[in-house]
Amino acid sequence: NAGVTQTPKFRVLKTGQSMTLLCAQDMNHEYMYWYRQDPGMGLRLIHYSVGEGTTAKGEVPDGYNVSRLKKQNFLLGLESAAPSQTSVYFCASSYDRQTLRFFGQGTRLTVV
Amino acid sequence: KNEVEQSPQNLTAQEGEFITINCSYSVGISALHWLQQHPGGGIVSLFMLSSGKKKHGRLIATINIQEKHSSLHITASHPRDSAVYICAVRSGAGGGADGLTFGKGTHLIIQP
């Protein structure tokens, strides 16, 4: 009963490098989300998806891209990492917009 | 935009004490979420409520729609309850693209 799984759990990047964070859910949820969590701030939505093949911008989308090629997977990409993207990233899924979110364990990303 | 305020920001208590964490918001909402985040861990959804009270084990969540206020109570607190508790509200307008606005969290430490 995995729920929402994020990989990797930790990563250190140099400025300008690229990487992809993977989120996988096994609950057949339509909605998936990527958030970032920074000290002293509430969770902020980066991008989200309302179904396979769809993506939409959230509150802080700049510098990130996403893809939802398969219903169970939601990928977050950083094309050219910047120190301002140092954060903890959380993926979540839900049956629809109105229901409980299920969160992953988080990915701690440091950009140096 | 809905403003979500949690109090206190930090709370340290002794094992066995009754704990109350508060959440206030500025604009009418359709639902409120309580989330739990253990140190270095993922986020778990505890409750979603739109009226009245919900109970799960030693955790009780209440909401007063008229006063725009919710409380999370922990009875017979235990060190394993030590975590950050996050309030999030869902409103029709002014919230994030996914409709949720998150508080900054209350950091709870229960000492043995």
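The values are calculated or read from the model by the stated rules, or taken from the named source; none is laboratory data. If you're wondering where the values come from, they're calculated on a predicted model, not measured in any experiment. For neighbour counting, all protein chains shown are included, and Cβ atoms are generated from backbone atoms with ideal geometry for every residue, glycine included. These area figures cover heavy atoms from the full protein model, side chains too; ligands, DNA and RNA do not enter into them. Shrake-Rupley method; radii C 1.70, N 1.55, O 1.52, S 1.80 Å.
For the range B:39-80, the set of residues classified as in a strand (DSSP E or B), within 20 Å of B:G105 (Cα to Cα), among the small types (G, A, S) and more than 14 Å from every other protein chain (Cβ to nearest Cβ) consists of B:S70, B:S71, listed by residue number. I need the full set of residues from the range A:1-26 which are hydroxyl-bearing (S, T, Y) and within 12 Å of A:C91 (Cα to Cα), in order please. A:T5, A:T7, listed by residue number. Mind checking which residues of the range A:78-112 are facing chain B (nearest Cβ under 9 Å), within 12 Å of the chain's Cα centre (by Cα), open to solvent by less than 60 Å² (accessible area, probe 1.4 Å) and not aliphatic (A, V, I, L, M)? Residues satisfying the conditions are A:F90, A:F103, A:G104, A:G106.
Looking at the range A:68-77, is at least one residue among the charged types (D, E, K, R) and exposed (fewer than 15 other Cβ atoms within 10 Å of the Cβ)? Yes.
Condition check ((1) in contact with an Asp or Glu (Cβ under 6 Å, 6 or more places away or on another chain); (2) open to solvent by 40 Å² or more (accessible area, probe 1.4 Å); (3) within 21 Å of B:H38 (Cβ to Cβ)) across all residues:
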| site | (1), (2), (3) |
| --- | --- |
| A:T7 | no, yes, yes |
| A:V12 | no, yes, no |
| A:L22 | no, yes, no |
| A:T55 | no, yes, no |
| A:Y64 | no, no, no |
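For A:T99, the stated conditions do not hold, so it cannot be described as β-branched (V, I, T), within 25 Å of B:Q37 (Cβ to Cβ) and not in a loop (DSSP other than H, G, I, E, B). Among the residues of the range B:17-35, those identified as surrounded by 20 or more Cβ atoms within 10 Å (Cβ to Cβ) and within 10 Å of chain A (Cβ to nearest Cβ) are B:H33, B:L35.
The rows are residues; the columns are (1) within 24 Å of B:C87 (Cα to Cα); (2) without any contact (Cβ under 8 Å) to a residue 24 or more places away in the chain.
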site: A:V4; (1), (2): yes, no
site: A:T15; (1), (2): no, no
site: A:M19; (1), (2): no, no
site: A:A24; (1), (2): no, no
site: A:Y48; (1), (2): yes, yes
site: A:G51; (1), (2): no, yes
site: A:G63; (1), (2): no, yes
site: A:F74; (1), (2): no, no
site: A:D96; (1), (2): yes, no
